[in-house]
1. Could you give the angle, 0 to 90 degrees to the nearest 10, between helix 388-398's Cα long axis and the longest principal axis of the Cα atoms of the chain?
2. Mind checking which lysines have their Cα closer than 19 Å to the Cα of LYS141? Skip sequence neighbours fewer than 8 apart in that chain.
3. Would you be so kind as to identify which of LEU38, ILE280, HIS206 lies farthest towards the positive end of the dipole of the chain, taking Lys and Arg as +1 and Asp and Glu as -1 on Cβ and the Cα centre as origin?
4. May I ask you to list the lysines whose Cα is less than 28 Å away from that of LYS92, ignoring any residue fewer than eight positions away on the same chain?
5. Taking a ≥ b ≥ c as the square roots of the Cα gyration tensor eigenvalues, with a/c under 1.5 meaning rounded and otherwise prolate when a/b beats b/c, else oblate, which class fits the chain?
6. For the chain, give the share of DSSP beta bridges that are antiparallel, in percent and rounded to the nearest 5; count only bridges with both residues there.
7. Going highest first, how would you order 177-190, 405-418 by mean Cβ packing within 10 Å?
8. Note the angle between two axes, namely the Cα long axis of helix 274-294 and the longest principal axis of the Cα atoms of the chain, as a number of degrees from 0 to 90, rounded to the nearest 10.
Amino acid sequence: MSSLITELAEYQVKRKELISRDRSLRLDVLDQDNLSTLEIQADHLIRSIRATEAESVWSADYPSIPHPFPGMEFLTGRSIIVQTEIYKILCKMPKGALLHAHLDATVNASFLYDLGLQEPSMHVQVPKAINAQTLNAVLPKFKALPAELHNNEALSLTSPSYVPDSWLSLTQAREQFDSELGGPDGFDQWVLGCLTINPAEAYGTHNTVTKIWQKFVSTFRVADGLIQYTPIFTKYIREFIRSSIEDGILYVEPRVNFWIKTMVNADGVENVTHRELLMIFESILEETIVDLKARGREDEFVGAKIIYTTIRFLEPDELDWYFEDCIALKKEFPHLIAGFDLVGDENVLYPLSHYTEKLLNFRHMQKDAGVDIPFILHAGETLGDGSKADMNLYDAILLGTKRIGHGFSLVKHPELMNICKEKNIALEVCPISNEILRLTSSMPMHPLPILLNHGIPVALCSDDPSVFGNMGLSFDFFQVLVSSDVTGLIQLGAMAKDSIKHSMLESDQKAVALEKWHKQWQKFLEYVVSRA
Ligand SMILES: O=c1[nH]cnc2c1ncn2[C@@H]1O[C@H](CO)[C@@H](O)[C@H]1O
C-alpha cells in the first residue's frame, strides 16, 4: 500500500501529529497558548517527582501492604500516600470549588464524635445488647434528649439485661462499655467504625456495589443523630468550612439532605425547621468571611451555596412537600439555594423516570413562584449498561441538569457525551468514592481519562469524605495525578478552574472567585518551583 510509511523521519512526524490530534480536545492542550513559563516549569517538576516516587515509593514493599501501586485502593494505600512529596505539594494546591459533597459526610468522623461527647444531652441506644458476637452487627442510634429524659441510670449497652432501644447518656455508655470489649477505647473504636468504611469492609466483607452500599448507607443513620442537633450542627458547619479552606478550597456547594423535616434544638426538642437550618448556615458563612478578612486571608474563600436534596425512596406525591419547602427557602435565601437533586443508591431506589411528571411540574411551580432552581442531578453512578441507574443519564439530560453528579457510566453513551460537550454540562467526578463504592477496583481503571480526552468538563469532588477518609480534595487530586502519564499539574489546574466556572455562583461572583484562584495559583506555582 502506497500510504504505508516507510521512512523513519516521516514516521516520527506522523506519530507526533497523531498523538496531538488524539489529545487535542483536552483542556490542558486547548489552553496551551496561555501557559506561563512558571506553569510549564511546575508541571515538569511534578512529573519528575511523580516518576521518581513511582519507583521509590510505589515499587517498595511494605509489610502490611504487599502490592502497592500508584492509584491503588485508597483505603489500603492511604498511609503511603500521606508520606509522598506529591501529596504534600497537592495539599497546598488551590482546588477551586467543591461541587459534590453530601454535607452530612463532610466533617472528619472523630471530630464529629468528639462534638457528641461534649454534649451532656447526647444519648445513645441500640436495638439489642452488645457482646462480642453482636458488636459488628449492631448500630448505635444517637439523639439529643430534653433534660427531663436525660438518663445516666440505664444499664450499660453491654449488659445482658440492657433493655433494647433504651436511651443512655453517651458519656455513660462510653464509661460503662464492657472491659472485655475494650472499655471506653473499645466503645470509641466501635462508634468510629460505624461512621466510616474500613479496608476490610470495602475490599473484603462488602466487596460488591450492593454490599458496600448497605454499609455506606448505615454510616449516615449513625452520623445524622449526632449532626441533627443545633449546638453540634453549628460547630459542624464551621468545621466543614474551616477544613475546606485549609485544603485550598475556595467555594463549596454541598448537597444538604432535607429529607428529615426538623432537627433537634439546644433544649432537646425536635422543632428546628429548614429555615432555621439555613439561618445557622448563613451566620457561619458571614462569620467566616469576617474572620478571614480580619486575618488578611480574604483571598482564600468566597462562600457557599446549598443544593437542596431529598431521597429517591419517596413516592412521587411525597415530593410536593419538598418542592414547596425548597421554593419557600429559595424565596427567602435566593443566594443560598443553588439547585435541586435526589440522592440515594440509583441501583436500588426509584429512577428519575419514576418522578418525571413531578419534576416537570416542579418547573411550573417555580415559574408561578418567580424563582429558578436548576436541577443538578445524580445520574449514572453505576456499573450498569442500560440499567435503571444508567438510564438516569437520559432523564437527567432531558430534564436540563446543569451538571451531572458522578456520570460514571456516561462513557458508554457517545451521543450523551456529545451533548455534555455541546451544552457544557460538567461531570462531578468523585474518584475515591467510585473506587470505595466498588465501581472501579483502582484509579487506573477509572473512566476519567476517557472524559478528559473527549473534552468533557470535569470537576473533581470528594462526595463523602468523612466516610471514605478523603478529607478535602487533595487525596482525589492525588489519585488522578498518579494514575496517568498524560495528566499533569496543568490539567489539575484546568479542572480546578472548571469547578469554579461550573459552580452556581452568580457571574460577578464567579469572576471574583476566578481572580482569587489565579492569585492563589500563581503563589502555588512559585512554591512548587521553589522546591526544585
Ligand atoms: O454518591 C452518592 N450517590 C447517591 N447518594 C449519595 C451518595 N453519597 C451520599 N448519598 C446519599 O446522600 C444522603 C446523605 O446526605 C444519604 O442518603 C446517602 O445515601
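1. 70
2. Reachable lysines: LYS128, LYS215, LYS261.
3. Value: LEU38.
4. LYS235, LYS293, LYS305, LYS497, LYS501, LYS510, LYS516, LYS519, LYS523
5. prolate
6. Values: 9 of 36 bridges.
Percentage antiparallel, nearest 5: 25.
7. Values: 177-190: 16.1, 405-418: 20.9.
Result, highest mean first: 405-418, 177-190.
8. That works out to roughly 60 degrees.
Here, each number is a calculation from the coordinates, and none is a lab measurement. What you see is a predicted model; the values in this text were computed from it and never measured. Heads up, the Cβs are rebuilt from the backbone with ideal geometry, glycines too, and the neighbour counts pull from every protein chain shown.
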